[in-house]
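Asks: Structure in structure tokens, see below.
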Amino acid sequence: MYLKRLELKGFKSFPTKTDIIFKEGITAIVGPNGSGKSNISDAVRWVLGEQSIKSLRGDKLEDVIFAGTDSKKPMNYCEVALTIDNSDEKLELDFSEVTIKRRAYRNGESEFFLNNKSCRLKDIKEILLDTGIGKDGYSIIEQGKVDEILSPNPVNRRKVFDEACGISKYRYKKQEAERNLKNTKENLERIDDIYLEIE
Ligand code: ATP
């Protein structure tokens with residue numbers, strides 16, 4: 001499984017459609033200061049579901065959309081598509097290539113697509129669990145992540161090991177089951193109240 005392609009349109013400093021193809025092995029992105037190198041890694045995190053605009057170095061949601069220059073009008077939406085080679089089927093999907101796409105509009109609306117089918121952020125999160133790729137995965141090592149791994153706080157360090165060992169998925173499912181149990185319990189209590197009122 002490896003990152004094969006990144007397509008950007010209207011994302012930060014990339015107003016026109018930009019296609020970046022990654023070959024197997026190491027790819028380095030070089031360029032002058034301010035040319036958009038970090039915007040490319042921001043795009044990867046954003047398409048994987050990053051919700052915190054601060055960690056994408058912005059203040060408000062629309063800061064990820066091309067804001068315009070003297071010669072180019074601002075865009076009304078932005079789109080990032082990330083294609084993963086899945087020939088080893090590490091992602092539990094029956095496709096040899098998986099494309100995750102996210103689109104956002106200035107009014108704050110955001111949409112996700114999995115192989116061009118509309119889906120929820122939750123679906124993306126679930127297929128990426130335990131692969132190390134998700135927005136909290138260890139495949140993107142930013143400065144804060146190094147601190148997290150080296151941190152004396154065992155809870156933070158454990159999160160990284162859980163993801164690598166394939167435990168995150170079960171932790172996530174357990175939390176979801178606990179949430180469902182809590183909701184069901186509350187619903188049962190409500191039904192009891194209604195019974196009492198009727199009797
Ligand atoms: P450095 O080497 O200094 O770290 P860099 O190559 O990583 O730089 P980035 O930080 O990726 O550069 O890009 C910064 C540029 O992106 C700035 O010129 C900034 O104006 C531009 N930029 C960021 N957000 C937007 C936006 N929403 N619309 C247009 N341009 C943007």
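Asks: Quick one: LYS73 ticks every box in (1) over 17 Å from the mean Cα position of the chain (by Cα); (2) closer than 21 Å to ASP123 by Cβ; (3) charged (D, E, K, R) except a single one, so which number is it?
Replies: (2)
Asks: Using the structure shown, decide if ILE124 is at pLDDT 95 or above and either in contact with a Phe, Trp or Tyr (Cβ under 9 Å, 6 or more places away or on another chain) or exposed (fewer than 15 other Cβ atoms within 10 Å of the Cβ) (or both).
Replies: No.
Let's see how each residue does on (1) in contact with a Lys or Arg (Cβ under 7 Å, 6 or more places away or on another chain); (2) over 17 Å from PHE11 (Cβ atoms):
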{"residue": "SER71", "(1), (2)": "no, yes"}
{"residue": "VAL80", "(1), (2)": "yes, no"}
{"residue": "ASP85", "(1), (2)": "yes, yes"}
{"residue": "ALA104", "(1), (2)": "no, no"}
{"residue": "PHE112", "(1), (2)": "yes, no"}
{"residue": "LEU121", "(1), (2)": "no, yes"}
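Asks: Sticking with this structure for a sec: On the given criteria, is ASP42 touching a Leu at 6+ places or on another chain (Cβ under 7 Å), within 13 Å of the ligand (Cβ to nearest atom) and closer than 22 Å to LEU121 by Cβ?
Replies: Against the criterion (touching a Leu at 6+ places or on another chain (Cβ under 7 Å), within 13 Å of the ligand (Cβ to nearest atom) and closer than 22 Å to LEU121 by Cβ), ASP42 qualifies.
Residues are listed down the side, and each one gets a yes or a no for (1) more than 12 Å from the ligand (Cβ to nearest atom); (2) closer than 21 Å to GLY132 by Cβ; (3) free of Cβ contacts under 8 Å to residues at least 40 places away in the same chain:
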| site | (1), (2), (3) |
| --- | --- |
| PRO15 | no, no, no |
| ASP19 | yes, no, yes |
| THR27 | yes, yes, yes |
| LEU48 | yes, yes, no |
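Asks: Working only within region 1-31, note down all residues that are modelled with pLDDT under 95 and of a type in the set (Phe, Trp, Tyr).
Replies: Residues satisfying the conditions are TYR2, PHE22.
Asks: Which residue out of GLU189, GLU148, GLU176 is at pLDDT below 90 and of a type outside the set (S, T, N, Q)?
Replies: The match here is GLU148.
Asks: On the given criteria, is VAL160 closer than 26 Å to ASP42 by Cα, hydrophobic (A, V, I, L, M, F, W, C) and touching a residue at least 24 places away in the same chain (Cβ under 8 Å)?
Replies: no
Asks: Turning to a different aspect of this structure: Among (1) among the small types (Gly, Ala, Ser); (2) touching a Cys at 6+ places or on another chain (Cβ under 9 Å); (3) within 11 Å of the ligand (Cβ to nearest atom), where does ALA104 come up short?
Replies: (3)
Asks: If you don't mind, another one. Applying the selection to region 132-157, what residues are surrounded by 13 or more Cβ atoms within 10 Å (Cβ to Cβ) and assigned to a helix (DSSP H, G or I)?
Replies: Within region 132-157, LYS145, GLU148, ILE149, ASN156, ARG157 qualify.
Table: residues versus (1) of a type in the set (Val, Ile, Thr); (2) touching a helix residue (DSSP H, G or I) at 6+ places or on another chain (Cβ under 7 Å); (3) under 30 Å from ASP88 (Cβ atoms).
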position: LYS12; (1), (2), (3): no, yes, no
position: THR16; (1), (2), (3): yes, no, no
position: ILE21; (1), (2), (3): yes, no, yes
position: VAL30; (1), (2), (3): yes, no, yes
position: ASN33; (1), (2), (3): no, no, no
position: ALA43; (1), (2), (3): no, no, yes
position: VAL47; (1), (2), (3): yes, no, yes
position: GLU50; (1), (2), (3): no, yes, yes
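Asks: In region 155-173, which residues are at pLDDT 85 or above and not aromatic (Phe, Trp, Tyr)?
Replies: Of everything in region 155-173, those that are at pLDDT 85 or above and not aromatic (Phe, Trp, Tyr) turn out to be ARG171, LYS173.
Asks: Just give me the residues in region 1-16 being under 17 Å from ASP63 (Cα atoms) and not in a loop (DSSP other than H, G, I, E, B), in sequence order.
Replies: LEU8, LYS9, PHE11, PHE14 - these are the residues of region 1-16 that are under 17 Å from ASP63 (Cα atoms) and not in a loop (DSSP other than H, G, I, E, B).
The values are calculated or read from the model by the stated rules, or taken from the named source; none is laboratory data. This one's a predicted model, so the numbers in the text were calculated from it and none came from an experiment. Backbone-built Cβ (ideal geometry, glycine too); neighbour counts: all protein chains shown.
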